Amino acid sequence: MAGSIDANLHILDYDPDWPRQAAEAIDALDAAAPGLFAAIEHIGSTAVPGLAAKPVIDLMAAVSELDQVEPHLKALAGNGFRPHRNGMVDRRLFVRADGGVRSHILHVVDSASWPTRNQRILRDYLRNHPADADRYARLKRAVVAAGTAPGEYARVKTALVQELTDRARAEVGLPPLSVWEKR
């Protein structure tokens, strides 16, 4: 696969196997914690056919209350998902690393916020607007080619992600909302 690569961050051409990998992880999570999740979906760039992406499967799951996750930590860990803190306070975040390399991220959010989550809305928008998806892919490749540190990758993309998310939210009748979720 073609892709821009530096030592820690790389963007690959779309891999048609990403949806299967997401479905496999979703099935495993549902089996490990039956009844915990009201919904789980594949989000992020790997969920948009044709979009270049970091090879990390992003998932978002909804639960009635975030504290419901606590009794299931061992089951999630059994599937490789370990708690991760990165400054986002409105969710529980879990990371899975296969062979020492991050392969999956699980965002667990409350069900009340599920319908208006930026990640879900942007994913659907990019699926339906290939020119904007291509624009986003070009930016991601340029950011990596410029040698941007992995920790700065999201911040450098924020202006375009905000623009596209604002369009996506307007398209579904929602007001703009900041995409920068870290405190």
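No value in this document is a laboratory result; all are computed from the given coordinates. Small disclaimer: the values here were computed from a predicted structure and weren't measured. Because the Cβ atoms are built from the backbone with ideal geometry, glycine has one as well, and the counts that use them run over all protein chains shown.
Taking amide H positions as modeled 1.01 Å from N, with prolines and chain starts lacking one, the residues under 5 Å from Ala52 and 5 or more places away or on another chain are Tyr14. Residues in the range 89-94 carry Karplus couplings, in order, of 10, 9, 6, 9, 10, 10 Hz; the curve used is 6.51 cos²θ - 1.76 cosθ + 1.60 with θ = phi - 60°, and Gly or Pro positions show x. For the range 102-124 versus the range 135-183, the spacing of their alpha-carbon centroids is 15 Å.
The Stokes-Einstein estimate for the chain, based on a Kirkwood radius over Cα pairs and taken at 37 °C with 0.692 mPa s viscosity, is a diffusion coefficient of 194 µm²/s.
Each DSSP beta bridge with both residues in the chain is either parallel or antiparallel, and the antiparallel ones are about 75%. The Rg/Rh ratio for the range 132-183, using Cα coordinates for both the radius of gyration and the Kirkwood hydrodynamic radius, is 1.03. Pairs of lysines in the chain whose Cα atoms sit within less than 21 Å of one another amount to 6, provided the residues are eight or more positions apart or on different chains. 3J(HN,Hα) along the range 109-124, derived from phi through the Karplus expression 6.51 cos²θ - 1.76 cosθ + 1.60 where θ = phi - 60°, amounts to 10, 7, 4, 4, 8, 3, x, 10, 5, 3, 4, 5, 5, 5, 3, 5 Hz, with x in place of Gly and Pro. Among rounded, prolate and oblate, which fits the range 99-166 when a ≥ b ≥ c are the square roots of the eigenvalues of its C-alpha gyration tensor, a/c under 1.5 means rounded, and a/b larger than b/c means prolate? It comes out oblate by the Cα gyration axes.
A Förster distance of 22 Å, applied to the separation of the beta-carbon atoms of Trp180 and Gln68, puts the FRET efficiency at 0.25.
By the helix-only formula, in which each DSSP H run with n ≥ 4 contributes -39500 (n - 2.57) and the sum is divided by residues, the chain has a 222 nm mean residue ellipticity of -11500 deg cm²/dmol. Taken about its Cα centre, the chain carries a charge dipole of about 480 debye when Lys and Arg each add +1 at the Cβ and Asp and Glu each add -1 at the Cβ. What do you get for the angle between helix 18-32 and the principal long axis of the chain? Use alpha-carbon atoms, 0 to 90 degrees, nearest ten. Once rounded, one gets 20 degrees.
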